[in-house]
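Enquirer: This structure is in C-alpha cells; I'll ask about it shortly.
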Amino acid sequence: MANFSGVGVAIVTPFNNDGTVDYKGFENVINHIIKGGVNYIVVQGTTGESATLTKKEKQAVLDFAVETIAGRVPVVFGHGGNYTDSLLEGFKSLNLEKVDAILSASPYYNKPTQEGIYQHYKALAEASPKPIILYNVPGRTGSNVAPETTIRLAKEFKNIIAIKDASGSLDQMGYLVKHKPQGFLVLSGDDNLIVPQVAVGADGVISVIANALPARFSKMVHAALNGDAETAREYYKLLYDIIPLLFKDGNPGGVKAVLKMMGVLQSDAVRLPLVPVSKATYDELYRAVSEAGVTLE
C-alpha cells in the first residue's frame with residue numbers, strides 16, 4: 001500500500017479560456033509538482049473543480065494524470081458526493097485500476113447525522129476497490145465528521161486508512177491522533193495550520209499551495225515532520241502572507257493565478273460558478289509571491 005504521509009497535492013484542473021481542459025497546462029503542473037518533491041498527487045479533489053466536470057471528463061483527466069505521472073508518485077482520486085448510491089455506481093463504472101487510494105468528502109448539503117455519515121462511509125468501504133481516505137471539510141459540507149465517528153470507522157474498516165481533516169480544530173486533530181488505531185494516518189487539510197498540527201502528531205497534509213510552491217512547502221512540512229522546528233519556522237514565515245491570499249477570492253482561483261504568474265499555466269480560467277480572482281487580489285498575490293523570492297513573468 002502506498003504511503004500517504006508527508007505532502008500530497010490537491011492538483012488543479014487547468015482550463016483553456018474557452019472552458020475546455022488544458023491538458024498541456026495539466027502536464028506542466030504535474031511535472032512542476034513532482035519536481036518540487038511532493039509525496040503524492042490527488043486528482044479531482046475540491047481544488048480540481050471536480051463538481052464542474054462531467055463523468056467523462058473526470059475519467060479523461062484521471063487517465064491523463066496517471067499516464068503523465070507514470071508511477072513517479074502515488075495517485076489519489078477524489079470521489080465524494082451527497083448521494084451514496086451514485087458513488088457506489090462510480091466504483092463500478094470508473095476505471096480506477098491505477099489509482100492508489102480514494103479521497104472521499106463527507107456528504108455535503110444533506111447535513112446527515114453522525115450515524116448517517118458512518119453508514120455512508122461503511123457502504124463505501126464495503127464496495128471500494130481501493131483504500132479510502134476520509135475527508136472532513138465542514139466549511140464546505142455543512143457538517144462536521146465527529147472525531148469519534150472517524151475513529152469508529154478507522155477501527156472497523158481496515159481499508160479506511162486515513163483522514164484529511166480540514167476542520168481547522170487543533171483539539172479535534174489531537175483527539176484523532178490520540179485515539180486512532182495503529183497505521184491510520186491523520187492528514188491536515190489546512191496549509192496554514194500544518195506546522196502546529198505536526199507538533200501534535202499529524203502525519204502530513206493534502207495541500208493547495210503546493211500546486212504553485214511545492215519545493216518550499218514540502219521543505220517546510222518535511223522539516224516539521226523530522227523535528228527541525230527552526231527550518232519549518234523559516235519556511236512558514238516565507239509562506240505566511242501567501243496562503244490566506246490564495247483563498248481570499250475562492251479556491252482554486254488564487255492558486256491558478258499564481259501558476260499563471262509563474263508561467264506554469266497560460267490561463268487562470270475556472271468554471272462557473274467560480275470566477276478568477278479580482279485584479280486587487282491578483283496584485284496582492286503577485287507582490288506576496290515576489291517577496292517570497294519566486295521568479296514571476
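Enquirer: Within the stretch 49-58, track down each residue that is touching a residue at least 12 places away in the same chain (Cβ under 8 Å), in a helix (DSSP H, G or I) and under 25 Å from PHE247 (Cα atoms).
Expert: Within the stretch 49-58, the subset touching a residue at least 12 places away in the same chain (Cβ under 8 Å) is 49-50, 52-53, 55, 57-58.
When the remaining residues are screened for being in a helix (DSSP H, G or I), the result is 50, 52, 55, 57-58.
Result: SER50, THR52, LYS58.
Enquirer: Run GLY183 past the list (1) among the small types (Gly, Ala, Ser); (2) crowded, with 20+ Cβ neighbours inside 10 Å; (3) over 19 Å from ALA10 (Cβ atoms) and report the number of the one that doesn't hold.
Expert: Of everything listed in (1) among the small types (Gly, Ala, Ser); (2) crowded, with 20+ Cβ neighbours inside 10 Å; (3) over 19 Å from ALA10 (Cβ atoms), GLY183 misses just condition (2).
Enquirer: Considering only the stretch 191-216, state which residues are in a loop (DSSP other than H, G, I, E, B) and surrounded by fewer than 24 Cβ atoms within 10 Å (Cβ to Cβ).
Expert: Hits for the stretch 191-216 are GLY201, ASP203.
Enquirer: Which of the numbered conditions does GLN44 fail, given that it passes all the others? Conditions: (1) polar (S, T, N, Q); (2) buried (at least 24 other Cβ atoms within 10 Å of the Cβ); (3) over 13 Å from the mean Cα position of the chain (by Cα).
Expert: (3)
Enquirer: Give the stretch 143-165 a look and list any residue that's assigned to a loop (DSSP other than H, G, I, E, B) and either buried (at least 22 other Cβ atoms within 10 Å of the Cβ) or aromatic (Phe, Trp, Tyr) (or both), or say none.
Expert: Residues satisfying the conditions are VAL145, PHE157.
Enquirer: For residues that are more than 16 Å from the chain's Cα centre (by Cα) and buried (at least 16 other Cβ atoms within 10 Å of the Cβ), scanning just the stretch 62-92, find the one that is farthest from GLU27 (Cα to Cα). Steps first, answer last, please.
Expert: Let us first name the residues in the stretch 62-92 that are more than 16 Å from the chain's Cα centre (by Cα), namely 63-64, 66-72, 82-92.
The next check asks that each one be buried (at least 16 other Cβ atoms within 10 Å of the Cβ); those that pass are 64, 66, 68-69, 82, 84, 87, 90.
Details: PHE64: 8, VAL66: 11, THR68: 7, ILE69: 9, ASN82: 30, THR84: 32, LEU87: 27, GLY90: 25 Å.
In this case the residue turns out to be THR84.
Enquirer: If the requirement is being under 24 Å from GLY250 (Cβ atoms) and either in contact (Cβ under 8 Å) with a residue 60 or more places away in the chain or part of a loop (DSSP other than H, G, I, E, B) (or both), which of these qualifies: VAL7, VAL73, VAL61, VAL99?
Expert: VAL7
Enquirer: Name the pairs: first residue in the stretch 226-249 and among the polar types (S, T, N, Q), second residue assigned to a helix (DSSP H, G or I), Cβ to Cβ under 6 Å, at least 6 apart or on different chains?
Expert: Within 6 Å, the pairs are THR231/ALA223.
Enquirer: Considering only residues that are touching a residue at least 12 places away in the same chain (Cβ under 8 Å) and exposed (fewer than 14 other Cβ atoms within 10 Å of the Cβ), which ones fall in the stretch 102-118?
Expert: TYR109, LYS111, listed by residue number.
Enquirer: Find the residue count for the stretch 270-297, including only residues that are more than 19 Å from HIS32 (Cα to Cα), aliphatic (A, V, I, L, M) and outside any helix (DSSP H, G or I).
Expert: 5
Enquirer: Looking only at the stretch 268-288, how many residues end up being touching a residue at least 40 places away in the same chain (Cβ under 8 Å) and under 21 Å from the mean Cα position of the chain (by Cα)?
Expert: Count: 6.
Enquirer: Out of (1) surrounded by 15 or more Cβ atoms within 10 Å (Cβ to Cβ); (2) within 17 Å of GLY19 (Cβ to Cβ), what's the single condition that is false for LEU239?
Expert: (2)
Enquirer: Looking at the stretch 76-96, which of its residues are under 22 Å from TYR23 (Cα atoms) and assigned to a loop (DSSP other than H, G, I, E, B)?
Expert: Answer for the stretch 76-96, where residues must be under 22 Å from TYR23 (Cα atoms) and assigned to a loop (DSSP other than H, G, I, E, B): HIS79, LEU94, ASN95, LEU96.
Enquirer: When the stretch 10-36 is examined, which residues are found to be among the charged types (D, E, K, R), farther than 20 Å from GLY78 by Cα and part of a helix (DSSP H, G or I)?
Expert: Within the stretch 10-36, LYS24, LYS35 meet the criteria.
Enquirer: Sticking with this one: Please tell me if THR46 is of a type in the set (S, T, N, Q), within 26 Å of LEU272 (Cα to Cα) and either touching a Gly at 6+ places or on another chain (Cβ under 8 Å) or free of Cβ contacts under 8 Å to residues at least 12 places away in the same chain (or both).
Expert: Values: of a type in the set (S, T, N, Q): yes; within 26 Å of LEU272 (Cα to Cα): yes; either touching a Gly at 6+ places or on another chain (Cβ under 8 Å) or free of Cβ contacts under 8 Å to residues at least 12 places away in the same chain (or both): yes.
Criteria met by THR46.
Enquirer: Hey, another quick one. Do we find a residue being under 25 Å from ASN95 (Cα atoms) and either charged (D, E, K, R) or surrounded by fewer than 21 Cβ atoms within 10 Å (Cβ to Cβ) (or both) anywhere in the stretch 130-142?
Expert: Yes: the stretch 130-142 contains one or more residues that are under 25 Å from ASN95 (Cα atoms) and either charged (D, E, K, R) or surrounded by fewer than 21 Cβ atoms within 10 Å (Cβ to Cβ) (or both).
Enquirer: While we're on this one: Can you tell me which residue is nearest to the chain's Cα centre (by Cα) among those in the stretch 93-122 that are under 12 Å from ILE160 (Cβ atoms) and among the hydrophobic types (A, V, I, L, M, F, W, C)?
Expert: Only one residue tops the list, namely LEU103.
Enquirer: Within the stretch 256-265, does at least one residue satisfy the condition of being at pLDDT 95 or above, surrounded by fewer than 18 Cβ atoms within 10 Å (Cβ to Cβ) and closer than 20 Å to SER188 by Cα?
Expert: no
The values are calculated or read from the model by the stated rules, or taken from the named source; none is laboratory data. What you are looking at is a predicted structure, and each value in this text was computed from that prediction instead of being measured. Reconstructed Cβ throughout: ideal geometry from the backbone, glycine too, with neighbour counts over all protein chains shown.
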